[in-house]
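Written below as structure tokens is the structure these notes are about.
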Amino acid sequence: MDNLKSKDTFSSINLVSDNTIAEGVELYKNKNYSQALAFFLALPTESSVDKIEVSYYLGLCYSKLQQYDDALLFLEQVVTSGTQLERVLQCRFLLAVIYAISGRKRLADFELNKLLETGYMTPSVYAAIAFVAWEQNDTDKCLKYYQKSLESDPENITSLNGLGYVLACEDKDLTKALSLCKKAVNFAPKSAACLDSLGWVYYKLGLYEDAMHYLEEAEKLDTNNLEIANHIKAVSQHSK
């Protein structure tokens, strides 16, 4: 009877916790990340809500808002808690991505290898490994993992774009690079990264007018991107 009472009490606490954060979760699902962040930060410290649950959503919100240092703090709390395996794996993947884009490539490698050890071999993980390998000038590994990603998910935008861009940079199979980057742009027509890659492939093919068109479209979407600016400069020098 005591055990039954304890279970009932535990269930009640969980129900209270779920109700307490429901509004914040809904805000996050509706992509109101700033409001969701404010909600979770405002939860009283004496609240019965699961602290790891709050850390999970804070990490997600900060990630979406590109406040990466803050995101790392909360994502690491979820990973080290060891609870809810699926969320631990998700947060470990986000840690790897953040480390990669912020230049901490060894830490990104560590997190990605941990994911592989658990068997968490998703197309997104393969794409992240490929990206880190490219940043570390390991072209063979980069190509291998982008291809693995596309074998698992032929419509993975990150890998379509990434593989096309790398092939173009390496002057390997530009026809395939063009096909891949066109597919990526079809799936994500408002992606500056995809438009930039397609423009770069056209540049490599010597089609400078087409190259400039897509690069300028990319620049409109991401005006402060140095790589896009450098690509435009390279095309301008050849099209004069």
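Would you mind calculating the relative contact order of region 95-211 from Cα pairs under 8 angstrom and at least 6 residues apart, reporting the percent as a whole number?
16
Would you list F187, F39 from the most to the least accessible area, probe 1.4 Å?
From most accessible down to least: F187, F39.
Hey, what's region 74-229 come to in accessible area per residue, 1.4 Å probe, Å²?
Spelled out: the 1.4 Å probe surface of region 74-229, per residue, equals 51 Å².
Step through the residues of region 231-236 one at a time and calculate ³J(HN,Hα) from phi using the Karplus curve (6.51 cos²θ - 1.76 cosθ + 1.60, θ = phi - 60°), rounding each to whole Hz and writing x for Gly and Pro.
Per-residue couplings from phi come out as 5, 4, 4, 5, 5, 4 Hz.
Compute the long axis of helix 2-29 from its Cα atoms, compare it with the longest principal axis of the Cα atoms of the chain, and write down the angle in degrees, 0 to 90, nearest 10.
So the helix axis and the longest Cα principal axis differ by about 40 degrees.
Which whole-number percent gives the relative contact order of the chain, counting Cα pairs below 8 Å spaced six or more residues apart?
8
For D173 and L226, what does the FRET efficiency come to when R0 = 22 Å and r is the distance between their Cβ atoms, rounded to the nearest 0.05?
The formula returns an efficiency of 0.20 here.
Among the listed pairs K64/K233; K172/K220; K144/K172; K64/K114, give every one whose C-alpha distance is greater than 20 Å.
K64/K233; K172/K220; K64/K114
Explain nothing, just the number: relative contact order of region 96-138, from Cα pairs under 8 Å at least 6 residues apart, as a whole percent.
Normalised by residue count, the contact order of region 96-138 is 40 percent.
Show me, for region 47-61, the HN-Hα J-couplings you get by feeding each phi into the Karplus relation (A = 6.51, B = -1.76, C = 1.60, θ = phi - 60°), rounded to Hz, glycine and proline as x.
Karplus values, whole Hz, x for Gly and Pro: 4, 7, 5, 4, 5, 5, 4, 5, 4, 4, 6, 5, x, 5, 4.
Ignoring ligands, DNA and RNA, what percent of the accessible area of region 102-240 is carbon or sulfur (1.4 Å)?
Answer for region 102-240 is 46 percent, counting heavy atoms of protein chains only.
Which of (i) 27, 20, 19; (ii) 24, 21, 18; (iii) 42, 20, 14 is the computed semi-axes √(5λ) of the Cα gyration tensor in Å for the structure on display?
Of the listed options (i) 27, 20, 19; (ii) 24, 21, 18; (iii) 42, 20, 14, (iii) comes from this structure.
To the nearest Å, what is the center-to-center distance of region 60-115 and region 170-218, using C-alpha atoms only?
Value for the Cα centre distance between the two parts: 30 Å.
The values are calculated or read from the model by the stated rules, or taken from the named source; none is laboratory data. Since we're looking at a predicted model, the values are computed, not measured. FYI the Cβ positions are ideal-geometry reconstructions off the backbone, even for glycines, and counts take in every protein chain you see. These accessible areas exclude ligands, DNA and RNA; they are computed on the full protein's heavy atoms, side chains included. Shrake-Rupley method; radii C 1.70, N 1.55, O 1.52, S 1.80 Å.
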